[in-house]
Amino acid sequence: MRTENEKNLLIDAVDSLKHSIIVISPDCKILSFNHHPETSASVLRTGDFCYESLHGRDSPCPRCIVKQVLKTGRPARRRGLDGIMSLEKSSCLYSYPIFSKGTVSSVAVLDFPMSTMEKMEERLHQSNAFLNNLIKSAVDGIIASDMTGEILIFNDAACDISGYAANEVIGKLDIRNIYPDDVAANIMKLLRSDAYGEKGTLRSFRTKIQKKTGEKIPISINAAIVYDGDKEVATLGFFHDLRETLEIEAELERANTQLLQAEKMSSIGELAAGVAHQLNNPLGGITLFSQLVMEEYPLPEGAVKGLKRILDNANRCRSIVNELLTFARKTDNKIHPQDIKEILSQTLSLVEDQTLFQNIKIHKDFDEPIPLVPVDVQKIKHVFMNIILNAADAMEGKGDLSLSCWVSPKKDKVFVEITDTGPGIPDDMLLKVFDPFFTTKAPGKGTGLGLSLAYRIVQDHGGNIYAESNVGSGTAFVIELLLSPPDMEGPGHGR
């Protein structure tokens, strides 16, 4: 036990401190405090609630340090002032439990200034936390690794793109496992050269990373080597998922191709109309005078055969001219809502009994309900008929012909696909199949205007048509038709 003198000396020592020492009861009342005139405690009164005297509140503080000590029975520490990444944290509260018979009877709260070192440590801690939050919440993936390949940083975006959780890779996975093949080694090689900018940096370099599932994801990466003096100590990479970007680029490329095709078709249509009218007159004369010669003069058999051949070729030329006129002419579209599955079935019924189709198996996938589609029946039948006959020719009368139709996810289009198991079309020819006069058929077997006319008809309907093919395994033609009537104003587009 302390003597009265010892107790008085201890109280004098506590009062001499320039910082507050307050004893607080479990119900937050001030029981005692030091009385140095320069301390904030000099204006306190015993019996007052600490939250009223110290903080001007009418209820306990949300982060009450006293309650924390009472709950845990252990000392606690809390910073005085709040402020992110700031040196304003000038004090720190230390709280200690005072025990009586094994339980906490009161709490001593000490308010001491933070030292310069503590302030620097606090600022460093908050700076690190702030930077960690920036990295963690960045939109692009961020990966850092040391020079052995051990991953040090792996943010949320990197997790989303790669399929890995951060705790699966940080300190556990080699950076080489994130990149496929030799991509990681290639990136390091480029970083150490000046081929893609300043040595030690790599900007907007397109490559791939490998997901946890093995899928390869296209990315654009900005990377840098981290140096300590002249020594390489780490690498840091910021990468952006390019899948959506590449889809947009591909869509723009398709749109540009379609625009160029449409412009080309329009120009060729005007040219075709002029050529067709110029050819009609001499063809009419050839046909007329050939018939007159056969009717009015006795001719040997050989001469008659020769004239008949002239007539046949003239008639063939006339058919080509008529196709040219049809291709060039913008006729009225009699567009009404139609059952596209019924149109396909009617088109098939016209050809499936022909000799060419005897050894062709026809498969129809019309199970999905399809809403009525605004089309010109006769013109769309012409499109379907042309593609079906081309498919049969390509298969040389033997194979599988599949027809299917479905509605787009946005419910704004209907897709019709006609697929054959023929020899396919090489890539260099696939780009030309809708060009006028281009044909893969043998000489004399086709004019090369059928698919051009089909393309024009589908475009006039506000839709799109394209072909996909693999050499050796067949070709698919896909027709997109709008579910809402196309806006066709002006002459040549009646309803």
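The values are calculated or read from the model by the stated rules, or taken from the named source; none is laboratory data. These numbers were taken from a predicted model, which means no experiment stands behind them. Neighbour counts run over all protein chains shown; Cβ positions are idealised from the backbone, glycine included. Accessible surface is based on the protein model in full, side chains and every heavy atom, while ligands, DNA and RNA are left aside. Shrake-Rupley method; radii C 1.70, N 1.55, O 1.52, S 1.80 Å.
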When only C-alpha pairs under 8 Å and at least 6 residues apart count, what is the relative contact order of region 195-236, in percent?
31 percent
Can you list residues from other chains, or at least 5 along the same chain, whose modelled amide H is less than 5 Å from the amide H of residue 362?
401
Mind listing the long-range amide H neighbours of residue 34? Cut-off is under 5 Å, sequence gap 5 or more, other chains count too, H placed in the peptide plane at 1.01 Å from N.
21
Can you list the residues, at least 5 places off or on another chain, whose amide H is less than 5 Å from the amide H of residue 174, using H built in the peptide plane?
none
Which whole-Hz couplings ³J(HN,Hα) result when phi for each residue of region 466-471 is put into the Karplus expression 6.51 cos²θ - 1.76 cosθ + 1.60, θ = phi - 60°, listed in order with x for Gly and Pro?
8, 10, 10, 8, 10, 4
Lys and Arg at +1, Asp and Glu at -1: add these up for the other residues within a Cβ distance under 9 Å of residue 150 and post the number.
-1
Excluding same-chain residues fewer than 8 positions from residue 364, which lysines have a Cα within less than 25 Å of its Cα?
341, 379, 381, 398, 410, 411, 413
Heavy atoms of residue 297: accessible area, 1.4 Å probe, square angstrom to 10
140 Å²
Got a sec to turn the phi values of region 373-383 into Karplus ³J(HN,Hα) couplings, 6.51 cos²θ - 1.76 cosθ + 1.60 with θ = phi - 60°, whole Hz, x for Gly and Pro?
10, x, 9, 8, 4, 5, 6, 5, 4, 4, 4
Enumerate the calculated ³J(HN,Hα) couplings along region 169-179 in order (Karplus 6.51 cos²θ - 1.76 cosθ + 1.60, θ = phi - 60°), each rounded to whole Hz, writing x wherever the residue is Gly or Pro.
10, 5, x, 10, 10, 7, 4, 5, 6, 7, 9
